[in-house]
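Colleague: One structure, pasted below without further comment.
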Amino acid sequence: GAVVSQHPSRVICKSGTSVKIECRSLDFQATTMFWYRQFPKQSLMLMATSNEGSKATYEQGVEKDKFLINHASLTLSTLTVTSAHPEDSSFYICSARDELPGGVEQYFGPGTRLTVT
Amino acid sequence: AQSVTQLDSQVPVFEEAPVELRCNYSSSVSVYLFWYVQYPNQGLQLLLKYLSGSTLVKGINGFEAEFNKSQTSFHLRKPSVHISDTAEYFCAVRWAGAGSYQLTFGKGTKLSVIP
C-alpha cells in the first residue's frame, strides 16, 4: 500500500529558530501533498496544498512567510516553520493524494510533534 | 462548501458492546465520505470510505458505516468493540468532482473502550 513518511517524528526547538519537516511518499509519486495542523484534542486543519514544481496554495489565515512549503520533487515536500514561537507548537501531519485513475484517498504520514520552548 | 459534524466528542463503551459514532455532513454537491482512526501521536489511518453504490460500507477492523443521503449522515458502527479500538475517530468529506481533493474533517470522537 501507499506509505507516507515524515521526519522528524518529534522536534524541540528554541523560540526564534527555524524547523524543517519532511514529508515523503515512499512507494509512489505525489504531485499534490497536503499539510495539516492539529492542536491537542482538536481536528485537523488544512494549512496548505503543496504542488510539485509550483507554489503552494495556502488556506486563509495561514502565514505563507512563516510556513514555507517546498515541493521540489515528486516524492518530497517540506514544511519550514520560520522564527518559531511557542504558539507554533503543534502536531503537523502531511498527506499525499492517490493519483491513480479513480483514486480518491489521501494517505497520511505519522505526524511531527513540534515543541517550541 | 462542505462541513462535517460529529455529534459526540467522547463515547465511552464497555468492551464487547456495540458502538455507533455519529457523523452528519452538509453539502450542496455530491461528496465522498471517509472515516479515519487516529491512535495517540500517530497519523490517520483510513477505516472505510463511501464513493457510490451500496450505502453500507464495510471497512477494516470490523467497522462498517451506512450512507444515508436523505439524512445526510454517515454513521460508523461496530457490533463488538475491543480495548484496541480506543482511539480518536474522524469523519471527513470531499467534493466528488474532479480537480478538488481537499478533505474537510469533523472535530473527532474519542472512543474509550472500558474493560
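Colleague: Could you tell me whether any residue of segment B:10-21 is touching a Pro at 6+ places or on another chain (Cβ under 7 Å) and closer than 27 Å to A:Trp35 by Cβ? I'd like the intermediate steps shown before the answer.
Modeller: First, the residues of segment B:10-21 that are touching a Pro at 6+ places or on another chain (Cβ under 7 Å): B:15, B:18.
Subset that is closer than 27 Å to A:Trp35 by Cβ: none.
The answer is no; no qualifying residue exists.
Colleague: How do the strands (runs of 3 or more DSSP E) wholly within segment B:1-90 filter down when requiring 3 or more residues that are at pLDDT 95 or above and more than 12 Å from the chain's Cα centre (by Cα): which remain? Quick ask: steps written out before the conclusion?
Modeller: Values: elements: B:3-5, B:10-14, B:19-21, B:24-26, B:31-38, B:44-50, B:56-58, B:64-68, B:73-78.
Because the criterion is at least 3 residues that are at pLDDT 95 or above and more than 12 Å from the chain's Cα centre (by Cα), the strands (runs of 3 or more DSSP E) in segment B:1-90 that meet it are B:10-14.
Colleague: While we're on this one: When the residues of segment B:85-107 are filtered to those that are touching a residue at least 12 places away in the same chain (Cβ under 8 Å) and polar (S, T, N, Q), which remaining residue is nearest to the other protein chains (Cβ to nearest Cβ)?
Modeller: So, considering only residues that are touching a residue at least 12 places away in the same chain (Cβ under 8 Å) and polar (S, T, N, Q), the one nearest to the other protein chains (Cβ to nearest Cβ) is B:Thr104.
Colleague: Which of (1) within 14 Å of another protein chain (Cβ to nearest Cβ); (2) touching a Gly at 6+ places or on another chain (Cβ under 8 Å); (3) in contact (Cβ under 8 Å) with a residue 60 or more places away in the chain; (4) farther than 23 Å from A:Glu59 by Cβ is the odd one out, the single condition B:Leu47 does not satisfy?
Modeller: With respect to (1) within 14 Å of another protein chain (Cβ to nearest Cβ); (2) touching a Gly at 6+ places or on another chain (Cβ under 8 Å); (3) in contact (Cβ under 8 Å) with a residue 60 or more places away in the chain; (4) farther than 23 Å from A:Glu59 by Cβ, B:Leu47 is out only on (3).
Colleague: For the structure I just gave you, tell me whether A:Lys55 is farther than 30 Å from B:Tyr89 by Cβ and either surrounded by 15 or more Cβ atoms within 10 Å (Cβ to Cβ) or not small (Gly, Ala, Ser) (or both). Quick ask: steps written out before the conclusion?
Modeller: Details: farther than 30 Å from B:Tyr89 by Cβ: yes; either surrounded by 15 or more Cβ atoms within 10 Å (Cβ to Cβ) or not small (Gly, Ala, Ser) (or both): yes.
Yes.
Colleague: Next question. Could you pull out every one of the strands (runs of 3 or more DSSP E) wholly within segment A:53-110 that has 1 or more residues that are in contact with a Phe, Trp or Tyr (Cβ under 6 Å, 6 or more places away or on another chain) and among the basic types (Lys, Arg)? Let's see the steps before the verdict.
Modeller: Values: elements: A:67-73, A:76-81, A:90-97, A:106-108.
Filter on segment A:53-110 gives A:90-97.
Colleague: If B:Gly99 satisfies every condition in (1) out of contact with any Leu (no Cβ under 9 Å at 6 or more places or on another chain); (2) modelled with pLDDT of 95 or more but one, which is the exception?
Modeller: Every condition holds for B:Gly99 apart from (2).
Colleague: Tell me, which residue of segment A:6-48 that is in a strand (DSSP E or B), in contact with a Lys or Arg (Cβ under 8 Å, 6 or more places away or on another chain) and at the interface with chain B (Cβ under 10 Å from one of its Cβ atoms) is farthest from B:Cys23 (Cα to Cα)?
Modeller: Here the residue is A:Arg10.
Colleague: Ok, one more. Hey, could you check segment A:85-117 for residues that are β-branched (Val, Ile, Thr) and over 12 Å from the mean Cα position of the chain (by Cα) and say which is nearest to the other protein chains (Cβ to nearest Cβ)? Step through it out loud before you land on a result.
Modeller: Let us first name the residues in segment A:85-117 that are β-branched (Val, Ile, Thr), namely A:93, A:104, A:112, A:115-117.
Then keep just the ones that are over 12 Å from the mean Cα position of the chain (by Cα); that gives A:104, A:115-117.
On the way: A:Val104: 5, A:Thr115: 12, A:Val116: 17, A:Thr117: 19 Å.
Within segment A:85-117, the match that is nearest to the other protein chains (Cβ to nearest Cβ) is A:Val104.
The values are calculated or read from the model by the stated rules, or taken from the named source; none is laboratory data. Note that the structure is predicted; figures quoted are calculated from it, not measured. Counting neighbours? That spans all protein chains shown, and the Cβs are built from the backbone with ideal geometry, glycine included.
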